[in-house]
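Right, one structure below, let's go through it.
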Amino acid sequence: MKNHIFESERLILRVLDSGDVQYLKRIWGDEEVMGLCLGATSHKKLPNIIEFYKKCEVDKGLSVYAVVEKYSGNVIGTAGFNVADSLEKVELIYHFVKESWGKGYASEAARACLEIAKRNHAVRCVFASVDAANKNSLKVLEKIGFEYKGMKWFEDTQQEEPYYEQTLT
């Protein structure tokens with residue numbers, strides 16, 4: 001598989017490519033999927049977002065990846081990292097098509113992302129925040145060993161959210 005980054009039991013994480021727009025419409029372009037984030041993204045913006053994340057992988061060695069279900073070969077989600085200026089502390093994010101909810105894919109992909117972060121020796125800490133109403137994502141973070149640090153205000157979402165961290169060794 002092209003641009004293969006990581007493989008777990010049921011999933012493959014790979015670099016996003018332009019052919020993924022069709023899948024991302026069902027993830028980032030879906031109001032229900034993105035309802036507890038910043039809302040759905042315009043389908044017109046998806047090619048630019050793909051290019052941005054491809055560049056992140058080249059420039060920083062970390063990105064947001066396509067999550068491919070091995071069984072079907074379909075992109076069922078995205079998972080990876082938003083990287084600010086420094087690789088020392090990166091944000092874990094994940095989103096999945098509705099049909100994939102409740103099957104443990106988010107936990108499996110998030111664990112894979114932690115392994116990817118560990119391979120990048122510059123990363124010291126991975127953090128995540130979740131809308132408090134998204135109980136399933138809160139469970140994912142706790143299940144994979146993130147430590148709750150408290151509530152934190154986020155400018156991008158204009159709300160206070162549960163904030164988690166995991167220190168890498």
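The values are calculated or read from the model by the stated rules, or taken from the named source; none is laboratory data. Everything quoted here is computed from the prediction, not taken from an experiment. Neighbour counts run over all protein chains shown; Cβ positions are idealised from the backbone, glycine included.
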Note to self: Based on this model, can you work out whether residue 106 counts as more than 17 Å from residue 8 (Cβ to Cβ), in contact with a helix residue (DSSP H, G or I) (Cβ under 6 Å, 6 or more places away or on another chain) and either part of a strand (DSSP E or B) or modelled with pLDDT of 95 or more (or both)?
What the structure shows: no
Notebook entry, point to check: Which one of 10, 111, 14 is charged (D, E, K, R) and touching a helix residue (DSSP H, G or I) at 6+ places or on another chain (Cβ under 7 Å)?
Noted result: 10
Next item on the list: For residues that are in contact (Cβ under 8 Å) with a residue 12 or more places away in the chain, more than 17 Å from residue 80 (Cβ to Cβ) and either in a loop (DSSP other than H, G, I, E, B) or in contact with a helix residue (DSSP H, G or I) (Cβ under 6 Å, 6 or more places away or on another chain) (or both), tally how many sit in segment 145-155.
Entry: 1
Notebook entry, point to check: Quick check: is even one residue across segment 77-97 among the small types (Gly, Ala, Ser), within 15 Å of residue 13 (Cα to Cα) and touching a Ser or Thr at 6+ places or on another chain (Cβ under 7 Å)?
Noted result: yes
Check: Would you pick out the residues in segment 58-111 that are without any contact (Cβ under 8 Å) to a residue 60 or more places away in the chain, of a type in the set (Gly, Ala, Ser) and under 17 Å from residue 46 (Cα atoms)?
Finding: 63, 66, 77
Check: Quick one: which of 96, 81 is at pLDDT below 95, in contact with a helix residue (DSSP H, G or I) (Cβ under 8 Å, 6 or more places away or on another chain), surrounded by 13 or more Cβ atoms within 10 Å (Cβ to Cβ) and not aliphatic (A, V, I, L, M)?
Finding: 96
Next item on the list: Can you tell me which residue within segment 124-162, out of those that are of a type in the set (Ser, Thr, Tyr) and surrounded by fewer than 19 Cβ atoms within 10 Å (Cβ to Cβ), is modelled with the lowest pLDDT?
Entry: 157
Next item on the list: Tally the residues that are touching a residue at least 24 places away in the same chain (Cβ under 8 Å) and part of a loop (DSSP other than H, G, I, E, B), restricting the search to segment 112-132.
Entry: 7
Check: Looking at (1) over 13 Å from the mean Cα position of the chain (by Cα); (2) at pLDDT 95 or above, which is the one condition that is false for residue 65?
Finding: (1)
Next item on the list: Only residues that are out of contact with any Ser or Thr (no Cβ under 7 Å at 6 or more places or on another chain) and at pLDDT 85 or above: list them for segment 25-48, please.
Entry: 25, 44, 45, 46, 48
Checklist line | Search result, residues across segment 37-66 that are in a strand (DSSP E or B) and under 24 Å from residue 133 (Cα atoms) | finding: 64
Next item on the list: Say whether the condition of being among the aliphatic types (A, V, I, L, M) and either part of a strand (DSSP E or B) or in contact with a Lys or Arg (Cβ under 6 Å, 6 or more places away or on another chain) (or both) is met by at least one residue in segment 133-144.
Entry: yes
Next item on the list: Determine the pairs where a residue that is closer than 11 Å to residue 77 by Cβ, located within segment 20-35, has a partner that is in a helix (DSSP H, G or I) and at pLDDT 85 or above with Cβ atoms under 6 Å apart, the partner being 6 or more residues away or on another chain.
Entry: 24/46
Notebook entry, point to check: If you go through segment 77-95, how many residues are within 12 Å of the chain's Cα centre (by Cα) and more than 15 Å from residue 139 (Cα to Cα)?
Noted result: 9
